[in-house]
Amino acid sequence: MQRSRMFARAALAAVSLGFVTGAAQAQSPAEFYKGRNINVLIGVGVGGEYDLHARLVARYIGRYIPGNPTMVAQNMTGAGGAKMAAYLADVAPKDGTNIGMIANNFPAMQAAGLDVIRFDIGRFQWIGSISPTVETMTVWRTAGVSTIDEARKREVITGASGRGAITYSFPAMLNEFLDTRFKIVTGYPGGNEINLAMERGEVQARNNTWSSWKVTKPDWIKNGDIKILAYAGPAPKDLPGVPSVTDLVKNDDDRRTVELIVSGTRLGRPLAFAGGVPADRVAAVRKAFDETMRDADFLKEAEKLQIEVDPVRGEDMQKVVADVLATPKNLAARARAIIE
């Protein structure tokens, strides 16, 4: 009798939960989001480009999400952002109340089969990015080189955080495909420490995004302290005469492999839901993101922060990720040796 009652109670609870879940699913986005918080999870520390972009969007997007939820930005660091992405994919509720600022190299890392990606990035539902990025290879004024050709003839000590980071994989890629001689020294906690090492003469070069240089070190650019040798990503109008890596490589297979390694440039600093969030909420937040990119207050603050606004829409990002994950295995294996 007692066991029968237990089964009856369990069945009633399951039915009740089903009703509650069904009711939540049946709500319009405005009904669901009204009075709720949306967590904007940032997988890296405070102060970098990912953090700045995520917090900037979080300050304005709530105006345009139906129901006007409160946006709560919070950092969840670990494994270069993989800890946060795994939490988003495997633990966080899939109801539209958690958005992640995803590392843009994760699709390439999954395509290359790296163990750090223990979730399916292909199931993520992309919301948008303020702009694509332009990765650069940059040398300090005392490096003794000012072109890629000169970097083929002379060893240049290059600072990096560690294997798997773009600060390592970008110069390693140039060594592999362009026969440069960058000697990569790892162990720096982040970009600020590499910059200090350049000033002290410990290293002579580093990878960084062009937008980051313009925001964090405009005086270095103005004074000629740094020289950009090559870039990857959309052609920057304010780097005339600087060659693109994809234009310098030797053949189509090399070019496709390079494009995989730097595919994150097409995503910029991307925001995404995990898979499983209801389609109408994804559509509503994507629309809200697009509207945020036109908001006068947002644009004014972005200009003040020297953040260029050239939005990448969620639907387009979805196609980029699918294309990256479809990279032929032989090319992905070649890329793995550089980015792991």
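The values are calculated or read from the model by the stated rules, or taken from the named source; none is laboratory data. Note that this is a predicted model, so its numbers are computed, not measured. When we count neighbours, we look across all protein chains shown, and the Cβ atoms used for this are built from the backbone with ideal geometry, even at glycine.
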Would you confirm whether any residue within the range 88-109 is closer than 25 Å to N68 by Cα, part of a helix (DSSP H, G or I) and either in contact with a His (Cβ under 6 Å, 6 or more places away or on another chain) or assigned by TED's automatic domain parsing to the domain that holds A333 (or both)?
yes
Considering the range 123-156 alone, what residues qualify as being touching a residue at least 24 places away in the same chain (Cβ under 8 Å) and charged (D, E, K, R)?
R123, E135, R141, R152, K153, R154, E155
Quickly run through the range 186-219 and pick out the residues that are of a type outside the set (A, V, I, L, M), farther than 24 Å from E301 by Cβ and in a helix (DSSP H, G or I).
E193, N195, E199, R200
Determine which member of the set K222, K183 is assigned to a strand (DSSP E or B) and either within 21 Å of S244 (Cα to Cα) or not hydroxyl-bearing (S, T, Y) (or both).
K183
Pair list, Cβ under 8 Å, 6 or more apart: the range 102-122 residue of a type in the set (D, E, K, R), other residue in a loop (DSSP other than H, G, I, E, B)
D120/G275
Is one or more of the residues making up the range 137-151 outside any helix (DSSP H, G or I), aromatic (F, W, Y), surrounded by fewer than 24 Cβ atoms within 10 Å (Cβ to Cβ) and not assigned by TED's automatic domain parsing to the domain that holds V185?
no
Output the number of the condition that V203 fails; it satisfies all remaining conditions of (1) surrounded by fewer than 22 Cβ atoms within 10 Å (Cβ to Cβ); (2) not assigned by TED's automatic domain parsing to the domain that holds R123.
(1)
How about the range 38-67: which of its residues are in a helix (DSSP H, G or I), of a type in the set (F, W, Y) and modelled with pLDDT of 95 or more?
Y60
